[in-house]
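Novice: Below are the structure tokens for one structure; questions will follow.
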Amino acid sequence: MDKRYDHKLYEEKIYSLWEKSGAFTPKIDPKKKPYTIVLPPPNASGRMHTGNVLMIAIEDLLIRWKRMQGFSTLWIPGTDHAGFETQITFERTLKEKGKSRFDFDRNTLYKKIEEFVLENKGLIEEQIRNMGASVDWSRYKFTLDPDVIETVVNTFEKLHKDGLVYRDNYMVNYCPICGTTFADLEVKHKERKDPLYFLKYGPFSLATVRPETKFGDTAVAVHPDDKRYKQYIGKEIEVEGLLSKFKLTVIADTFVDPKFGTGVVKVTPAHDKNDYEAGLRHNLEIKPVIGLDGKLNENAGKYAGLAVTAARKIIVEDLRKKGLLEKIDENYIHTVAVCYKGGHDIEPTILPNWFVKVKKLKEPAHNAVKEGVVKIYPKWQESKYHRWMESMQDWPISRQVVWGIRIPAWYDINDNKNLLITFLNNKKETVSGEIGKLSEKYSFEEIEKGLQTLIAPQSAKYVIAAHKPKGEFLQETDTFDTWFSSGQWPLVTLGYPNSKDYKYFYPTDVLETAWEILRLWVSRMIMFGIYLTGKPPFKDVYLHGIVRALDGKKMSKSLGNVINPEEYQEEFGTDALRMGLISGTANGKDFNFPRDKVISFRNFANKVWNIGRFLSIVLEKEGYKKYDDLLSYSKDMESKLKQEDKDLVKKFDQLTKDVNTCLGKYRFSDAAEVIYHFMWDDLASNYLENNKNRVDKDVTLSVFRHVYFNSLKLLHPFMPFITEAIWQELKNQRKYPEQLLISSSWPENM
RNA sequence: GGAGUCGUGGCUCAGCGGUAGAGCGUCGCAUUCACAUUGCGAAGGCCGAUGGUUCGAAUCCAUCCGACUCCACCA
């Protein structure tokens, strides 16, 4: 053995040793208990980040521990297509080539993104390997694998049959100039100076930047505690308008800031997110005044057909003439939402979206945690779950992205003449409009082939089917929210509903992930799990903290503080990185990247290595070349043992108990610490130093060898590479030289 | 604006009702000993502030100050 442990010489070889041995793939054995973890799939849009690395370290630790304890352990790897995020990343590469998503029809774009993702997927798989993850590669899944899509589509069909799916208006970020919707992620907030108009509104005066939305007002709101307006709450007021007099109800809502402007707000549910939500709370009518073309619609009377900015000027002028404009604040600075693509103003608009009724799904999911059928660790995260469950509204599951699983709804174009479509014709020109008119000019085939987007009015007739029905049907162009499909991840990875895997391994044991996605992901998995199988998909949820940068802030490209875990892996070894990260997160709280700890565990690795080196040198020197040459440790040696031998064995016994207890409670860093101190202080500094010159060499070496090998077992789930490396180096000193440490059995209490 | 987490030695953190702990760093000493990715030793903290509960508080409660994070972003 070399003087120092060099991780670069061992890690790759050892991983392939494990993989070839078949240790990663469990046997379905009814006599054994299963222990299952499904890896939260990293996004295939880029390399893994530090958080993913921590996740792998923790899950591999649990899996190796249980595997050594004799469970039939399964850890399923996978990657996620990550809808929006991937599509945005891909579009950046398109932009570099001077192109955009609008240059392609839907199917072509999908294929291009798919090629892009295939490259990234490979990178992530390699990283998972480099981390030493003992995942079962034979069960690897990607969220867009055909069988995954099939299950997700089936679930949607079932939801539909059960009456839990509906279409309804939903507020989206719509850009009238680009003619498409944008995700919140794609919307930029810009500070800008705009005139703030003070309008006379019946008995009130109120401030607005957008007088042109006046025709969509369906209420006026004040703060419930505002004494000035208390008498009006719940009453109808009459307002002099540009078109005619109209009546509005005064509502009270805390979203109104009494200090802003006059403390009175006009409520336009169709074109403002805040107002939209207030509208839902107060059951207000939604009255759109701006169409998808960015022009005022028929609700604006004589102003119909004018574009928003042009309309504003004319309307302000007319208000002034009528004496309804009280004053203008020209220096008002506020933030406006603009689209990332062209910087155009976003027009919050309501469009029909697909929804899942959540009530029936969330109640059992809520109860499962309340009743402890699913336990959340650390406990203090549980309140977040309950608060979310209590406030959860119906779930909008449709996304206006190409990269995802397309919603299996079909529109017969002959029954839905008013479908709004955008497509590329055979000359690659963008054409948009109502299908009724367009199909007079273009064949169905040409439209279908070049289709980019389709917007069906809420009244549209549709069929839900996995495959295209006979006739002139166009499929919905919206895709499922990523969380709709990944919410079924434990089921799809196990081959629900009929596979052997599903029957044996479901429900899984623990779901380990970042607390950030408790709401987005964990809650959905519990909902779907119970809905489809009657059982929650896992028994425990362990939520780890977020790894922040060295400066204590969240890592971000713009701050330039992103830590590339691979640099640490390269310099200090995978084991040190894993152990450092694990001991950084004591109780699931966020923590700064523990650079010092990574270094300290690199040092520890070397210590562990040198204990082994010492052992092998001494055994060689004393002539104990093979396992059988030396007295092997056993219970009936008791009479020969000295007090220090007994103490060491006793301490090791306690260590085993402590490690089991800590791991059972997901207290990983506590477990790491006790092993660290046992091996360094008790075993190396004390026992080894104090017993170097004993006369009864056979006894002390026997005790030492025994305790050391068993310590390696306890350490293996934390630092798999170095422990296996030593295990192999000391082959001849083991009873079963061919056995790998990964497949060896966990120490029993002695 | 709403919510959450955290303020403990120079740094990063553990402890969460009963005499202040770890790693790293610092300082001093040691060295052909398995290991300098080492050994031995030392210095260094009225546990953010102020009140309260208690026989007793870093640990529980309240208020304040500060840091970080998520969500909603202003008519």
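Novice: Go through region A:663-747 and tell me which helices (runs of 4 or more DSSP H), entirely inside it, have 3 or more residues that are of a type in the set (S, T, N, Q). It would help to see each step written out before you state the result.
Specialist: Details: elements: A:668-677, A:697-715, A:720-729.
Per the criteria, A:697-715.
Novice: Looking at A:ALA133 and the list (1) at pLDDT below 95; (2) more than 16 Å from RNA strand B (Cβ to nearest atom), which single condition is not satisfied?
Specialist: Among (1) at pLDDT below 95; (2) more than 16 Å from RNA strand B (Cβ to nearest atom), A:ALA133 violates only (1).
Novice: Looking at A:LEU730, A:LEU688, can you tell me which residue is under 27 Å from A:GLN569 (Cα atoms), surrounded by fewer than 22 Cβ atoms within 10 Å (Cβ to Cβ) and within 16 Å of RNA strand B (Cβ to nearest atom)? Can you show your working first?
Specialist: Numbers: A:LEU688 fails: under 27 Å from A:GLN569 (Cα atoms).
Checking each option against the conditions leaves just A:LEU730.
Novice: Contact list please: Cβ distance under 7 Å, first residue in region A:247-273 and over 18 Å from A:ILE237 (Cβ atoms), second residue within 7 Å of RNA strand B (Cβ to nearest atom) and not in a loop (DSSP other than H, G, I, E, B), pairs at least six apart or on different chains.
Specialist: A:PHE255/A:ASN274
Novice: From the list A:PHE484, A:PHE473, pick out the single residue that is modelled with pLDDT of 95 or more and farther than 17 Å from A:TYR110 by Cα.
Specialist: Values: A:PHE484 fails: modelled with pLDDT of 95 or more.
From the options A:PHE484, A:PHE473, the qualifying one is A:PHE473.
Novice: Would you tally the residues in region A:23-45 being assigned to a loop (DSSP other than H, G, I, E, B), closer than 19 Å to A:LYS500 by Cα and not aromatic (Phe, Trp, Tyr)? Give the steps one after another, and end with the answer.
Specialist: Step one: filter region A:23-45 for residues assigned to a loop (DSSP other than H, G, I, E, B), giving A:23-33, A:39-42, A:44-45.
Add one more test, that the residue is closer than 19 Å to A:LYS500 by Cα, and what stays is A:24-33.
Remaining after also requiring not aromatic (Phe, Trp, Tyr): A:25-33.
Looking only at that region, the number is 9.
Novice: Next question, about the same structure. Kindly list, by first and then second residue, each pair from a residue in region A:375-396 that is within 13 Å of A:SER523 (Cβ to Cβ) to a residue that is within 10 Å of RNA strand B (Cβ to nearest atom) and not hydrophobic (A, V, I, L, M, F, W, C), limited to pairs with Cβ atoms under 8 Å and residues at least 6 apart or on different chains.
Specialist: Taking only residues 6 or more apart or on different chains, the pairs are A:GLN381/A:GLY588; A:LYS384/A:ARG519; A:TYR385/A:ARG519; A:TRP388/A:ARG519.
Novice: Please list, ordered by first then second residue, the pairs with beta carbon atoms under 7 Å, 6 or more apart or interchain, first in region A:643-654 and buried (at least 19 other Cβ atoms within 10 Å of the Cβ), second at pLDDT below 95 and charged (D, E, K, R).
Specialist: A:LEU648/A:ASP682
Novice: Follow-up. Suppose we filter region A:152-184 for residues that are at pLDDT below 80, out of contact with any Gly (no Cβ under 7 Å at 6 or more places or on another chain) and hydrophobic (A, V, I, L, M, F, W, C); how many remain?
Specialist: 3
Novice: With the structure loaded, tell me whether A:ALA278 is of a type outside the set (Val, Ile, Thr) and under 35 Å from the mean Cα position of the chain (by Cα) or whether it fails that test. Steps first, please.
Specialist: Details: of a type outside the set (Val, Ile, Thr): yes; under 35 Å from the mean Cα position of the chain (by Cα): yes.
Against the criterion (of a type outside the set (Val, Ile, Thr) and under 35 Å from the mean Cα position of the chain (by Cα)), A:ALA278 qualifies.
Novice: Looking at (1) more than 30 Å from A:THR723 (Cβ to Cβ); (2) surrounded by fewer than 23 Cβ atoms within 10 Å (Cβ to Cβ); (3) small (Gly, Ala, Ser), which is the one condition that is false for A:GLY487?
Specialist: (2)
Here's the yes/no breakdown for (1) surrounded by fewer than 16 Cβ atoms within 10 Å (Cβ to Cβ); (2) near RNA strand B (Cβ under 9 Å from one of its atoms); (3) at pLDDT 85 or above:
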residue: A:ILE526; (1), (2), (3): no, no, yes
residue: A:GLY529; (1), (2), (3): no, no, yes
residue: A:ARG548; (1), (2), (3): no, yes, yes
residue: A:GLY552; (1), (2), (3): yes, yes, no
residue: A:GLN569; (1), (2), (3): no, no, yes
residue: A:PHE572; (1), (2), (3): no, yes, yes
residue: A:ARG578; (1), (2), (3): no, no, yes
residue: A:ASN592; (1), (2), (3): yes, yes, yes
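Novice: Moving on. Of everything in region A:275-294 that's within 18 Å of A:GLN393 (Cα to Cα) and crowded, with 17+ Cβ neighbours inside 10 Å, which residue is nearest to RNA strand B (Cβ to nearest atom)?
Specialist: Our first condition is that a residue be within 18 Å of A:GLN393 (Cα to Cα); within region A:275-294, this holds for A:275-284.
Narrowing the set further to residues that are crowded, with 17+ Cβ neighbours inside 10 Å leaves A:275-276, A:278-279, A:284.
Working: A:ASP275: 7, A:TYR276: 9, A:ALA278: 10, A:GLY279: 13, A:LEU284: 14 Å.
Among those residues, the one meeting the criterion is A:ASP275.
Novice: Here is a further query. Report, ordered by the first and then the second residue, all pairs with beta carbons closer than 6 Å, sequence separation of six or more or different chains, a first member in region A:665-694 that is over 30 Å from A:LYS539 (Cβ atoms), and a second member that is more than 11 Å from RNA strand B (Cβ to nearest atom) and hydroxyl-bearing (Ser, Thr, Tyr).
Specialist: Note: pairs meeting the criteria are A:MET679/A:SER711; A:ASN691/A:THR700; A:ARG694/A:THR700.
The values are calculated or read from the model by the stated rules, or taken from the named source; none is laboratory data. Only a predicted model underlies this, so the values are computations on that prediction, with no experimental measurement involved. Virtual Cβ from ideal backbone geometry, glycine too; neighbours counted across all protein chains shown.
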